[in-house]
Every structure is written in C-alpha cells, then in structure tokens.
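The values are calculated or read from the model by the stated rules, or taken from the named source; none is laboratory data. This structure is a prediction, so every number in the text was calculated from the model and none was measured. Every residue, glycine among them, receives a Cβ derived from its backbone with ideal geometry; neighbour counts consider all protein chains shown. Please note that ligands, DNA and RNA were not included when accessible areas were found on the heavy atoms of the full protein model with its side chains. Shrake-Rupley method; radii C 1.70, N 1.55, O 1.52, S 1.80 Å.
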Amino acid sequence: QVQLEESGGGLVQPGGSLRLSCAASGSIFSINVMGWYRQAPGQQRELVATITSAGRANYADSVKGQFTISRDNAKNTVYLQMNTLKPEDTAVYYCNANIRKRNDGPTYLYWGQGTQVTVSS
C-alpha cells in the first residue's frame, strides 16, 4: 500500500506565497520522478512541475520563475514553493510519484488526493 499525502494549500491574497508538501509512505523501494499538477474548475489537469530523483526540475512555461519544485529523498517528500501568486493560480493541486515497490519490480504512478489553493483578495 502506497499513499501520497499533500498539505499546505489554503487561501492567500494575490502576491502572496504558499508552500505545498507531498509525502509518500508505505511499501516503497525507490521513487523516480515526482511532480505537481493542477486542475482549475472546468479545465483539464495540467502539468506544473516535475523533478527527478537526481534533482533535475522541469516547469510549465506558465510558472517558470514563479514556482520552485524540490524534494527530500530521505523523507520521500516533494515540495512546491509558490510565490507571487495570482488569481489564475487558483486550482486543486495534485502531486504524483513514480514508485518502485521492490528492487526488481515495475514502477507505478500514484496520485495524491489534491489540495485546494485559492488566490483571492
């Protein structure tokens, strides 16, 4: 059993900051890529950022220079630092992770339950 638990969402004023966390727990041998996605009302889920186990990050053009993804491999946790937030950043933010449960096993993609981020005055 593997679970991803997100935290850190909430209501913030435009220009403010939030830091999201996503911790993976359970039967985990290794984690490859971890990522953040978001889904605004009436829209499709979209990529925000991903990061490899070596720390290589990739960002959607819309958040480059505004958001920073990082991870702590020892804690199986990925973070998303969001600065200068705008109303259009309002969405449910989901984390995911490619997890290998044993040394010779396949990787599986797991998703968290999502955390709401609302940017409004």
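Element breakdown for the chain at a 1.4 angstrom probe: carbon and sulfur atoms account for 43% of the accessible area.
Of 28, 95, 50, which is farthest towards the positive pole of the chain's charge dipole, taken about the Cα centre with +1 and -1 on the beta-carbons of Lys, Arg and Asp, Glu respectively? Selected residue: 28.
Taking Lys and Arg as +1 and Asp and Glu as -1, the other residues whose beta-carbon sits under 13 Å from that of residue 111 total 0.
Under a model in which nothing but the beta-carbon of Lys, Arg (+1) and Asp, Glu (-1) is charged, region 32-121 shows a dipole of about 300 debye around its Cα centre.
In straight-distance terms, cross-link reach from residue 75 covers every one of the aspartates and glutamates whose alpha-carbon lies under 12 Å from its own, apart from those fewer than eight places away in the same chain; here that gives an empty set. The overall shape of the chain, judged from the alpha-carbon gyration tensor, is prolate: a/c is not under 1.5, and a/b is greater than b/c. Based on DSSP loop calls and a cut-off of at most 12 other Cβ atoms within 10 Å, the longest stretch of the chain free of exposed trypsin sites (Lys or Arg not before Pro) is what? Within the chain, the longest run free of exposed trypsin sites (Lys or Arg not before Pro) spans 1-55.
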